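Q: Okay, here's the structure, questions in a sec.
Each value in this text was obtained by applying a stated rule to the coordinates, not by laboratory testing. Computed from a prediction, not measured in an experiment: that's the story for all the values here. For neighbour counting, all protein chains shown are included, and Cβ atoms are generated from backbone atoms with ideal geometry for every residue, glycine included.
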Amino acid sequence: MTVEHGGHREFFEARYRDAQRRADTIPWANLEPSRFVVERAGPMVSGGRDAVVVGCGLGDDAEYVASLGWAVTAFDVSPSAIEWCRERFDQSAVEYVVADLFDPDPEWPGSFSLVVEVATIQSLAPEHRRRTIAAIAALVAPEGTLLVSALGRVRGNHGAGPPWPVKRDELRWFESCGLDELRFECEPSPWEGFERFNVEYMRNG
């Protein structure tokens, strides 16, 4: 699965297309918003500002953020996933868009006061991790917030992916992209042998 040859697009499109609207066949689809997103985004004052959900999957995080008053754009590389979102939430205020993190709308960089990233970093091969992190960080507006929830690897090699768990040191690459880490949490993952890293960042100035 390589970014250069569009392998990530083919992989995720196949998973959503072949699921035939059976969410139980999508391992990462919980059909509810991430607990971390609820806890951290819930107290924020939206003021109608722009938010984006990266790799939105079946749309639950996007719908939750929109319910708080944010103007939400949610994108996924899979056309089938986006079509599924539009069917699930046919009265939604969310703008669901087919887009690639590595080839975003040219108006997106630096445009979002809230960026939500749940389980995207771990889903792309480790050789592209710096590029993935830089692409996510680029979406955050000045004084904007980034919420990241990723499958964590504290030690050892957990084999071939996807997913490819994220190292704590790799998440610090967000700081080299101009973001400050405000909060870091490590909690047990439902997957034995893994952790869940939940991190909140802000871009100053």
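Q: Using a simple spin-label model with points 7 Å from Cα along the Cα→Cβ vector, what separation in nm is obtained for ALA141 and GLU10?
A: Placing both labels 7 Å along Cα→Cβ, they lie 3.8 nm apart.
Q: First measure r as the distance between the Cβ atoms of GLU83 and TRP173, then evaluate 1/(1 + (r/R0)^6) with R0 = 25 Å and state the FRET efficiency to the nearest 0.05.
A: E(calc), rounded to 0.05, equals 0.15.
Q: Moving to a separate point now. For the chain, give the share of DSSP beta bridges that are antiparallel, in percent and rounded to the nearest 5; count only bridges with both residues there.
A: Rounded to the nearest five, the antiparallel share is 45 percent.
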